[in-house]
Every structure is written in C-alpha cells, then in structure tokens.
Amino acid sequence: MRSFESVRFGRLQYDPADVIELPDGLIGLPQLRRWLMLDMEQDVPMRWLQSLDRPDFGLPVMPPIFFAEEYSIGVSVSAQRQLAAQAAPELVTLIIATIHPGGERITGNLRAPLVLDTASRRGAQLALDDDRLSTRQEIDYFKFGLAVAGDSADNAETMPRTIVGERGAAAGEAEPEPPVDEAATETVAAGH
C-alpha cells in the first residue's frame, strides 16, 4: 500500500493497482493523469475524483442518469483501444459535477464526460460537439433525493461499484456493453 496526502481527505492509503490513469489528463489540465475515485458520504450517489498529481485538486463525479433520462455518447473504436488493451472494454460514463456555493444547486457538464474502462482503469475526458448538451445541466433533485434516501430501486444500480478499496474509491463496474463493431462507433449509454 502507498499513501498520499490530499488537502480534502488527509492521508489516503491506496494500492497502486487502484489508480485510474487518464493518459491525456483532463481538458485544460493535461498534466493531471493519475487519479483515485473516493466515496464521499455513504448514501450519496456522488464520488470524488482525486488527483494524485496535485493534492489540492479533485472533482465530484456522478452517473449521467441524475442529469438526463437519455444520455448516450459515441466512443470510437480507436478511443476504446486507447483506453484498454482488451477488445471489449467495460466502459462507464461519469459526469463532472459542480456543487455551487451553499450546496443548494448542483450542475453537470454533459459536453465533457469522463469515460473509464473499469477493467484497465484507464480513461479519457471527451469533448462533445453537440449544442443540445449543456455544460451546466441542472441535476434532477427529486431523483437525487430518492437515491440519497435509499428510496429508489435504481439507487444501487446508478453508481458504479468501488474500484479502490481504502477510503472507498470508486469508479466501478458498468453493465456489459454490446460487442465492438470495428467498422463503426460504439454508443455508450451510461447510468441505466
């Protein structure tokens, strides 16, 4: 086990095999390539993506289902190969959320989702050129409230299971994706 001193969570213990690698970093932050996915509160369907390259930097992430009923993105075969060495990657999509001052408003950037391969623990942030998607999509507060209260049957299915053990880091497993069509772009529907 290794340890890392983060500004938000203090000292974290982690196994190097649990690190999520974003080879190209985030959009605008290409130097931030190594990450841990941490639980926030027990029943909150939100995780904290903590940079191992910068102890003071992290982002809340959530499944897209809390921002849009239907949300699918195209991930090209070449992008899939960049994410993983295996032929059929196990992809999960997460939305970077913004918790506004006072915590009463939460928005998500649907135009720049994170796509993670849970098997290889590699990922990428995509830049989607779709004017129908918002960079500040308001969360569905009703659905979020049900998930927090545990009153939703979807609660357990909407957040990927934990990848990293200590401190509950998570980026977890996605539902199986359809086989990769080498000649086309695969659509990843996340959060369902």
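Of the residues screened, M37 is one that is within 29 Å of G145 (Cα to Cα) and among the aliphatic types (A, V, I, L, M).
Residue-by-condition table, conditions (1) modelled with pLDDT of 50 or more; (2) under 25 Å from Q31 (Cα atoms); (3) of a type outside the set (F, W, Y):
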{"site": "D131", "(1), (2), (3)": "yes, no, yes"}
{"site": "A156", "(1), (2), (3)": "no, no, yes"}
{"site": "A169", "(1), (2), (3)": "no, yes, yes"}
{"site": "E173", "(1), (2), (3)": "no, no, yes"}
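A search for C-beta distances below 7 Å between a residue of segment 105-120 that is within 30 Å of A17 (Cβ to Cβ) and among the polar types (S, T, N, Q) and any residue that is modelled with pLDDT of 95 or more and surrounded by 21 or more Cβ atoms within 10 Å (Cβ to Cβ), counting only pairs 6+ apart in sequence or on different chains, returns N109/I95. Restricting to segment 1-46, give me the number of residues that are surrounded by 16 or more Cβ atoms within 10 Å (Cβ to Cβ) and among the basic types (K, R). Of the residues in that region, 2 qualify. Candidates R54, R34, R8: the one that is closer than 28 Å to S134 by Cβ, at pLDDT 95 or above and out of contact with any helix residue (DSSP H, G or I) (no Cβ under 8 Å at 6 or more places or on another chain) is R54. Candidates T162, T118, T187: the one that is buried (at least 20 other Cβ atoms within 10 Å of the Cβ), at pLDDT below 90 and hydroxyl-bearing (S, T, Y) is T118.
The values are calculated or read from the model by the stated rules, or taken from the named source; none is laboratory data. Computed from a predicted structure; not experimentally measured. Positions of Cβ are generated from backbone atoms using ideal geometry, with glycine treated the same way; all protein chains shown enter the neighbour counts.
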